[in-house]
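Working notes for the structure below.
The values are calculated or read from the model by the stated rules, or taken from the named source; none is laboratory data. Everything numeric here is computed off the predicted structure, so don't read it as measured data. All Cβ positions, even for glycine, are placed from backbone atoms using ideal geometry, and neighbour counts span all protein chains on display.
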Amino acid sequence: MRSFFSILFIFNFLYALNLSPTLAADLEAGGKIFNANCTACHIGGNNLIMPSKTLKIEDLDQYKMSSVEAITTQVMNGKNAMPAFQGRLSADDINNVANYVLNQSQSGWDDE
Ligand SMILES: *[C@@H]1O[C@H](CO)[C@@H](O)[C@H](O)[C@H]1NC(C)=O
Ligand SMILES: *[C@@H]1O[C@H](CO)[C@@H](O)[C@H](O)[C@H]1NC(C)=O
């Protein structure tokens, strides 16, 4: 019970700081997942299979993918040539990598 209230406290604290809980995602862990599991097709935020559908913010916006929720859904379920990662990656890993992808898309994938 005590730790449950501690977690509530932390979330309230993040809200008080005006940070959404998605910022609690571990972007560094997400980056490792991305490098291990996604770069075969998405190196540098590109798309080697469908070159017009990159992970860059213009394309994510155009295809209504520029939210952690939309990216999470696609990573979980896959789409076209992209495999489903639900069951292959943990929910935590998927959340972290989705946050990483959105963050990189907004920062311009410039450190690749
Ligand atoms: C993700 O990457 C790790 C580390 O290379 C690997 O062990 C694992 O099999 C990969 N998982 C998937 C679903 O590609
Ligand atoms: C991406 O994450 C880094 C590290 O947390 C943060 O400093 C940066 O502001 C984020 N970029 C965007 C566009 O949210």
The residue that is farthest from residue 99 (Cα to Cα), considering only those in the stretch 28-84 that are in a helix (DSSP H, G or I) and among the hydroxyl-bearing types (Ser, Thr, Tyr), is 39
From the list 60, 27, 8, 55, which one is modelled with pLDDT under 90 and more than 16 Å from ligand 1 (Cβ to nearest atom)?
8
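Anything in the stretch 72-103 that is β-branched (Val, Ile, Thr) and either within 14 Å of ligand 2 (Cβ to nearest atom) or over 14 Å from the mean Cα position of the chain (by Cα) (or both)? List them, or say none.
Answer for the stretch 72-103, where residues must be β-branched (Val, Ile, Thr) and either within 14 Å of ligand 2 (Cβ to nearest atom) or over 14 Å from the mean Cα position of the chain (by Cα) (or both): 97, 101.
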Just to be sure I understand the filter: pairs with C-beta atoms under 8 Å, separated by 6 or more residues or on different chains, first member in the stretch 36-50 and over 18 Å from residue 108 (Cα atoms), second member surrounded by 14 or more Cβ atoms within 10 Å (Cβ to Cβ). Which pairs pass?
37/85; 37/89; 37/97; 49/41; 49/82
Under the condition of being in contact (Cβ under 8 Å) with a residue 24 or more places away in the chain and among the aliphatic types (A, V, I, L, M), which residue from the stretch 67-93 is surrounded by the most Cβ atoms within 10 Å (Cβ to Cβ)?
71
